[in-house]
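Visitor: One structure is given below, represented as structure tokens, and several questions about it will come after.
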Amino acid sequence: MPDPEDHPYTNELIHESSPYLLQHAHNPVNWKAWNDQSLNEAIDNEKLLLISVGYSACHWCHVMEHESFEDPEVAAIMNKYFVNIKVDREERPDVDQVYMNAVQVMTGAGGWPMNVVALPDGRPVWGGTYFQKKQWMDALQQLANLFQKEPKQLYEYAYRLEQGLQQLDLVDLPEDQKDYSQELFIPMLEKWKRFLDFTHGGSSGAPKFMMPSNLDFLMRWAFQNQNRELSNYVQVSLDKISFGGTYDPVEGGFSRYSVDARWHVPHFEKMLYDNAQLLSLYSKAYKLYQKNWYAEVVEQTASFLLSEMRSPDGCFYSAYDADSPNSEGKNEEGAYYVWTKAELKELLNEEFDLFAKFYHIDQTGHWENGNYVLYRTADSRIFAEENQLSEAAFIEKKANWLKLLRENRKKRDKPGLDDKALTSWNCMTITGLCHAYQAVQNPAFQQAALETFSWLENNMLQENGRLLHSYKNGKSSINAYLEDYAFAIEAAISLFETFSEERFLEFAEKLTEIVKIDFADAANPLFFFTSSSDRKLVTRTKELTDNVIPASNSVMARNLFKLGKLTAKNSIIAEASEMLQCLLEKIPEYPQYYSGWLDLLMNFTHPFYEIAICGENFAEISEEIQESYIPNSILIAGDQHSSLKLLENRYQPGKNLIYLCEEGSCQRPTDSKAGVMAQIRQV
């Protein structure tokens, strides 16, 4: 921690653990953390709240800090009229959600940094994102004057806005249960296709986010319905994302998004949640499409996570910044990742021309100021043929090039690391590692998944069985949110299916019971984002739409469906169906924002199987089956000692049998993977 004596200013954030909050600990602004003491201070002193929300890898957050929050003139206005609260949106997604909803209602847009002025009781009255210094000072002075002279105006506006915010989360219970049918998908997909970029992949236009949940669903739908158009679209997307500057071929891992339509120039921050989800996605894609490049992406991305984002404690850090010191020592976006032509020529010597041809060290790959982002457009096999090389020889060359670049990059200053660990993102990573292990059978991925789960049990699980959200320097804090429980349950189910240990299923069941106690809405089957034990915010929100990170409710609904299948309890499957019914009228309006719900809908409209493996060699057979892409199934494996209902009375001494069951009815057992695969229908 920095020594306060080395700085002219030190505020209360010096006592926090979040790297983002600590970045602001020496601003002249009297920043406080979001806690009861700070909130009560605004009420007791009848001062407006100024709530500024960001995260450590946010480029424009750093810009606004430098321009405004480090300026004593700006700080004087903020300190005189406001109780100033800095929020790390990753630590407090509940606060972020509530005030982001408000900013979007007030301005029609959102983003970070997010800055909101609220009444002493927390109700928002004004907000926006990035502001230049003069804009910021003028707005704050006007708001302060208005609060002193005409407070009634602000209170009336706050009331109207509060009513509007509460309407956002209203989801009416359907009067009648709607039928599930495959025909529901046709108009929704036709509508969705209008927003897809079939040339470059992803969504039309720019910026382009990867949206793993969308690609995951479209891959499944195309596979089960033999839809060549969408299958090609998914593969184009996966190829372009991993060929472009959004993927780091030197060290592995993905950046957050592309600023252009062709995935060339990324916004260089690397987030754990993107990489965890993309690890899952490319693992599934390799199972389905059997493209060696996807296996490479899986290996490289997992290796990046294990070598660059993993704590000695066994958990994973949150993010790397976009900015890092350039050769002159000044912070610059992308400095760690980009290359000049002169640097590459010096490193690669006679190999430069071929390298430059493959990675477009030309106008195509040029970014700005003589810097190049490595950007390829060709498949390795095709490029090798065009250049009179065998594929194996070219792949060896490429590996040598990247090794040289990797060694050289070690001399550079790394971007800033956000070294807090979040339960939800770590659990996404456990799931990603499980899928990676299924796809490429690398034992290091199995070990990492199991060790991260041990970290979760030992550090984030309280004695009362409830989870905590954030971890830093050996200290766990903040009550967990629905997203933490949802992704932890998903991770436990993935561990159970991958490694056949019943303790993981028991863990998932226990957490599910806590979700039903702490997050339930008595009037509706959908869950609140915050626990009933948390301090009440302006509104108690529900996450319903799937974005870059899927909605905690859609993850939870799919968890319930799987748990119902794994435990042979139809009542739990019915709970998942009730949640889905609440959204069936909303989904057709914007299907691209409900991919997780559409995935769940497929479980009801298409064949869904329980695969039960029983015998002494259950582990080996389970691994063999998991190498294939079977999205419409759950898998249970065990021997005579299993207590699971689906394996009851299945064991026959000396035999290894695979049962394929649907809706509780099982086909004649087979003793081979080929036998069970032949029995599976997709539509």
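Visitor: Taking Tyr471 as the residue in question, decide whether it is assigned to a helix (DSSP H, G or I), farther than 30 Å from Asn617 by Cβ and aromatic (Phe, Trp, Tyr). Working first, answer last.
Guide: Details: assigned to a helix (DSSP H, G or I): no; farther than 30 Å from Asn617 by Cβ: yes; aromatic (Phe, Trp, Tyr): yes.
No: the conditions fail for Tyr471.
Visitor: Could you check the range 404-445 and list, in sequence order, the residues that are touching a strand residue (DSSP E or B) at 6+ places or on another chain (Cβ under 8 Å) and small (Gly, Ala, Ser)? I'd like the intermediate steps shown before the answer.
Guide: Taking the range 404-445 as the starting set, the residues that turn out to be touching a strand residue (DSSP E or B) at 6+ places or on another chain (Cβ under 8 Å) are 405, 412-426, 429.
Within the range 404-445, Gly416, Ala421, Ser424 meet the criteria.
Visitor: Search the range 159-173 for residues being part of a helix (DSSP H, G or I), of a type outside the set (D, E, K, R) and in contact (Cβ under 8 Å) with a residue 40 or more places away in the chain, and hand back the single one that is farthest from Val117 (Cα to Cα). Steps first, answer last, please.
Guide: First pass over the range 159-173, keeping only residues part of a helix (DSSP H, G or I): 159-168.
Subset that is of a type outside the set (D, E, K, R): 159, 161, 163-168.
Among the residues that remain, those that are also in contact (Cβ under 8 Å) with a residue 40 or more places away in the chain are: 161, 164-166, 168.
Values: Leu161: 13, Gly164: 17, Leu165: 16, Gln166: 19, Leu168: 20 Å.
Step by step, filter the range 159-173, then rank; the result is Leu168.
Visitor: Another question, then. From the list Phe131, Phe147, which one is among the aromatic types (Phe, Trp, Tyr), in a helix (DSSP H, G or I) and closer than 20 Å to Leu49 by Cα? I'd like the intermediate steps shown before the answer.
Guide: Details: Phe131 fails: in a helix (DSSP H, G or I).
Matching residue, one of Phe131, Phe147: Phe147.
Visitor: Could you grab me the full set of residues in the range 259-268 that are more than 15 Å from Thr364 (Cα to Cα) and either crowded, with 24+ Cβ neighbours inside 10 Å or of a type in the set (Lys, Arg) (or both)?
Guide: The answer is Phe268, and nothing else.
Visitor: Would you say Leu537 is within 23 Å of the chain's Cα centre (by Cα), over 24 Å from Ser633 (Cα atoms) and in a loop (DSSP other than H, G, I, E, B)? Explain how you work it out, then say what you get.
Guide: Details: within 23 Å of the chain's Cα centre (by Cα): no; over 24 Å from Ser633 (Cα atoms): yes; in a loop (DSSP other than H, G, I, E, B): yes.
Judged against the criteria, Leu537 is not a match.
Visitor: If you go through the range 54-70, how many residues are of a type in the set (Asp, Glu) and crowded, with 19+ Cβ neighbours inside 10 Å?
Guide: So the answer is 1.
Visitor: Among the residues of the range 209-234, count how many are in contact with a Phe, Trp or Tyr (Cβ under 6 Å, 6 or more places away or on another chain) and either β-branched (Val, Ile, Thr) or without any contact (Cβ under 8 Å) to a residue 60 or more places away in the chain (or both). First the steps, then the outcome.
Guide: Taking the range 209-234 as the starting set, the residues that turn out to be in contact with a Phe, Trp or Tyr (Cβ under 6 Å, 6 or more places away or on another chain) are 209, 233.
From the residues that got through so far, the ones that are either β-branched (Val, Ile, Thr) or without any contact (Cβ under 8 Å) to a residue 60 or more places away in the chain (or both) too are 233.
Going through the range 209-234 one residue at a time, the tally reaches 1.
Visitor: Next question. Whether any residue in the range 45-61 is of a type in the set (A, V, I, L, M, F, W, C), touching a helix residue (DSSP H, G or I) at 6+ places or on another chain (Cβ under 7 Å) and more than 27 Å from Ser477 (Cα to Cα) is what I want to check. Full working, then the answer.
Guide: If we filter the range 45-61 for residues that are of a type in the set (A, V, I, L, M, F, W, C), which is where we start, we get 48-51, 53, 57-58, 60-61.
Keeping just the survivors that are touching a helix residue (DSSP H, G or I) at 6+ places or on another chain (Cβ under 7 Å) gives 48-51, 53.
Then drop every residue that is not more than 27 Å from Ser477 (Cα to Cα), which leaves 48.
Yes; the residues of the range 45-61 include at least one that is of a type in the set (A, V, I, L, M, F, W, C), touching a helix residue (DSSP H, G or I) at 6+ places or on another chain (Cβ under 7 Å) and more than 27 Å from Ser477 (Cα to Cα).
Visitor: Quick test of your reading of the structure: Thr107 fulfils all but one of (1) under 25 Å from the mean Cα position of the chain (by Cα); (2) of a type in the set (Ser, Thr, Tyr); (3) surrounded by fewer than 20 Cβ atoms within 10 Å (Cβ to Cβ). Name the failing condition by number.
Guide: Thr107 satisfies every listed condition except (1).
Visitor: Please enumerate the residues belonging to the range 363-412 that are under 20 Å from Leu238 (Cβ atoms) and among the aromatic types (Phe, Trp, Tyr).
Guide: Of everything in the range 363-412, those that are under 20 Å from Leu238 (Cβ atoms) and among the aromatic types (Phe, Trp, Tyr) turn out to be Tyr375, Phe383.
Visitor: Does any residue in the range 608-627 that is at positive phi come within less than 8 Å, Cβ to Cβ, of a residue that is part of a loop (DSSP other than H, G, I, E, B) six or more places away or on a different chain, and which pairs are these?
Guide: Hits for this filter: Gly615/Asp639; Gly615/Tyr651; Gly615/Gln652; Gly615/Lys655; Gly615/Asn656.
Visitor: Looking only at residues in the range 384-407 that are touching a helix residue (DSSP H, G or I) at 6+ places or on another chain (Cβ under 6 Å) and touching a residue at least 40 places away in the same chain (Cβ under 8 Å), which one is farthest from Ser283 (Cα to Cα)?
Guide: Among those residues, the one meeting the criterion is Leu404.
Visitor: Please give the strands (runs of 3 or more DSSP E) falling wholly within the range 575-683 in which 2 or more residues are under 30 Å from the mean Cα position of the chain (by Cα) and either closer than 22 Å to Cys434 by Cβ or not aliphatic (A, V, I, L, M) (or both). Show your work before the answer.
Guide: On the way: elements: 609-614, 633-638, 657-662.
The qualifying strands (runs of 3 or more DSSP E) are 609-614, 633-638.
Visitor: Would you mind finding the one in Gly638, Gly664 that is in contact with a Phe, Trp or Tyr (Cβ under 7 Å, 6 or more places away or on another chain) and farther than 30 Å from Lys542 by Cα?
Guide: Values: Gly664 fails: in contact with a Phe, Trp or Tyr (Cβ under 7 Å, 6 or more places away or on another chain).
Matching residue, one of Gly638, Gly664: Gly638.
Visitor: Also, quick follow-up: The conditions are (1) on the phi < 0 side of the Ramachandran plot; (2) modelled with pLDDT of 95 or more, and Gly416 fails exactly one of them. Which is it?
Guide: Of everything listed in (1) on the phi < 0 side of the Ramachandran plot; (2) modelled with pLDDT of 95 or more, Gly416 misses just condition (2).
Visitor: If a residue counts only when it is under 21 Å from Gly370 (Cβ atoms), among the aliphatic types (A, V, I, L, M) and more than 20 Å from the chain's Cα centre (by Cα), which helices (runs of 4 or more DSSP H) contained entirely in the range 258-353 have at least 2 such residues?
Guide: Working: elements: 272-289, 292-308, 341-348.
Helices (runs of 4 or more DSSP H) meeting the threshold: 341-348.
Visitor: Could you give every pair whose Cβ atoms fall below 6 Å, whose first residue belongs to the range 252-276 and is in contact (Cβ under 8 Å) with a residue 60 or more places away in the chain and of a type in the set (Ser, Thr, Tyr), and whose second residue is surrounded by fewer than 24 Cβ atoms within 10 Å (Cβ to Cβ) and part of a loop (DSSP other than H, G, I, E, B), counting only separations of at least 6 or pairs across chains?
Guide: Taking only residues 6 or more apart or on different chains, the pairs are Tyr273/Ile549.
Visitor: Could you count how many residues in the range 212-231 are on the phi < 0 side of the Ramachandran plot and not in a helix (DSSP H, G or I)? Write out each step before concluding.
Guide: Residues of the range 212-231 that are on the phi < 0 side of the Ramachandran plot, as a first pass: 212-225, 227-231.
Checking which are not in a helix (DSSP H, G or I) leaves us with 225, 227.
Residues that pass the stated criteria total 2.
Visitor: Working carefully through the options Ile514, Ile493, Ile549, find the one that is part of a helix (DSSP H, G or I), over 30 Å from Gln640 (Cβ atoms) and out of contact with any Cys (no Cβ under 6 Å at 6 or more places or on another chain). Explain how you work it out, then say what you get.
Guide: Details: Ile493 fails: over 30 Å from Gln640 (Cβ atoms); Ile549 fails: part of a helix (DSSP H, G or I).
None of the other options fit; the residue is Ile514.
Visitor: Among helices (runs of 4 or more DSSP H) lying entirely in the range 12-105, which contain 3 or more residues that are farther than 25 Å from Glu269 by Cβ and free of Cβ contacts under 8 Å to residues at least 40 places away in the same chain?
Guide: On the way: elements: 19-23, 36-45, 59-64, 72-81.
In the range 12-105, 36-45 are the helices (runs of 4 or more DSSP H) which contain 3 or more residues that are farther than 25 Å from Glu269 by Cβ and free of Cβ contacts under 8 Å to residues at least 40 places away in the same chain.
Visitor: Could you please find all residues in the range 474-491 being over 17 Å from Asp518 (Cβ atoms) and of a type in the set (S, T, N, Q)?
Guide: Those that are over 17 Å from Asp518 (Cβ atoms) and of a type in the set (S, T, N, Q): Ser476, Ser477.
The values are calculated or read from the model by the stated rules, or taken from the named source; none is laboratory data. If you're wondering where the values come from, they're calculated on a predicted model, not measured in any experiment. Positions of Cβ are backbone-derived with ideal geometry, glycine not excepted, and every protein chain shown enters the neighbour counts.
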